[in-house]
1. For segment 1-79, please list each of the helices (runs of 4 or more DSSP H) lying entirely inside it that holds at least 2 residues being buried (at least 21 other Cβ atoms within 10 Å of the Cβ), among the aromatic types (Phe, Trp, Tyr) and assigned by TED's automatic domain parsing to the domain that holds VAL184.
2. Which residue, of VAL100, VAL105, is buried (at least 24 other Cβ atoms within 10 Å of the Cβ), farther than 23 Å from GLU171 by Cα, in the same structural domain as GLU185 (by TED's automatic domain parsing) and at pLDDT 95 or above?
3. So which of ARG335, ARG326 ends up being closer than 16 Å to LEU97 by Cβ, more than 22 Å from the chain's Cα centre (by Cα) and not acidic (Asp, Glu)?
4. Restricting to strands (runs of 3 or more DSSP E) lying wholly in segment 99-202: which have 2 or more residues that are of a type in the set (Asp, Glu) and either free of Cβ contacts under 8 Å to residues at least 12 places away in the same chain or closer than 30 Å to LYS66 by Cβ (or both)?
5. Report every pair of residues separated by at least 6 positions or lying on different chains whose Cβ atoms are under 6 Å apart, first residue within segment 328-356 and within 13 Å of ILE6 (Cβ to Cβ), second part of a loop (DSSP other than H, G, I, E, B) and at pLDDT below 95.
6. Kindly evaluate VAL282 against the criterion of being under 20 Å from the mean Cα position of the chain (by Cα), modelled with pLDDT of 95 or more and assigned by TED's automatic domain parsing to the domain that holds TYR313.
7. What do you reckon, is LYS121 at pLDDT 95 or above, more than 30 Å from ALA317 (Cβ to Cβ) and among the charged types (D, E, K, R)?
8. Restricting attention to segment 201-214, which residues are of a type outside the set (S, T, N, Q) and surrounded by fewer than 24 Cβ atoms within 10 Å (Cβ to Cβ)?
Amino acid sequence: MNAELITKFIRELYKSNDFIPLHAPTFGGNEKKYVLETIDSTFVSSVGKFVDQFEKEIELFTGSAKAVATVNGTAALHAALYVAGVKRNDLVITQALTFVATGNVIHHMGAEPVFLDVSEKSLGLCPLAVSQFLEEFADIDQDGAVHKITGQRIRAVVPMHTFGHPVELDELLVVCEKWSLVLVEDTAESLGSYYKGKHTGTIGHFGALSFNGNKIITTGGGGAVLCQTKELGASVKHITTTAKVPHPYEFFHDEPGFNYRMPNINAALGCAQIEMLSDYIVEKRIIAGRYEEFFNGTAIQFFKEPDYAQSNYWLNAIICANKKARDSLLDDTNRSGVMTRPIWTPMHKLPMYSYCERGDLSMTDWLEDRVVNLPSTPSIHGD
């Protein structure tokens, strides 16, 4: 199948001859109303009703015990790992095939990422790869897992639900429990995705959402931590609001916290967006179904949700026959005004992470050469 046919199909899907982005924000609800309300109230920063309201709406949608809104997804992941106990010189296991923010958070905490392979079922962290790494390189003592060679504490496991497809969480939980590791889900891309009926980010100790402009809903810039218990939620809320001890007017802080609070004006946008989330998910799954039907029987494989999951299909993905076919498709579609993109450069191939410990990354390298993301904005009906 050539790029011309794919471009033609996408233009028909979106009913547009203009430039078609990969994933643009969709505004069709109360966004202007709520944002103007914050401006009229003057509470546009860290104080105002919309932050609390947005957190409650996230909790209702995901089933999380506590959601804490933050300035972005990177801050959410940082706060989650901080409360999870990750410290300088610790090791944190994650996948090599991820957006760079996952590795950056670990690095800036003074810890070191260990990059392992992904599963062909989910495109996310492979439980077998994690288990094999730990069996070969880890011991366990009264304080948890420790690296046999370096003596570094292995503190946490961070799977990322790639393109919204849930990883194999039951299997990862078994490994984490065996080795006394904290499971922190990078749910930046998986709002609205479910693992065996449970929302992603609520199965591990924490989940870290992103509301960047290209996500399924947006607050302009923003994120949230999903917490397994209210107690963990209280800790995350405290540390992300400068660790200020509540008082009507005194400023007393009991630990070095972060100013990661989501501004009220951003939360207002989020409150309007989350009202539309269920509709967006329905439309995105319709789009995925159209892509699946289009590529059926061709040399290009459309990546479908795992059989244990219901995905939001944040970014639709296809797998080309080889790197040459991938590169040709990317060049031709982008030149024609239809935005497509390759998967991220794997972390171990970036200069700042080339020194990091890693396992066999055969599936990661194979996917890097073949995956292409297609336009996935939930607006094919012109709404």
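1. By residue number, 49-62.
2. Answer to the selection: VAL105.
3. ARG326
4. In segment 99-202, the matching strands (runs of 3 or more DSSP E) lie at 138-141, 182-186.
5. none
6. Here the answer is yes, as VAL282 does meet what is asked.
7. The answer is no for LYS121.
8. ILE203, HIS205, GLY213
The values are calculated or read from the model by the stated rules, or taken from the named source; none is laboratory data. Remember, it's a predicted structure, so these values are computed and weren't measured experimentally. Note that each Cβ is placed from the backbone with ideal geometry, even for glycine, and that neighbours are counted across all protein chains shown.
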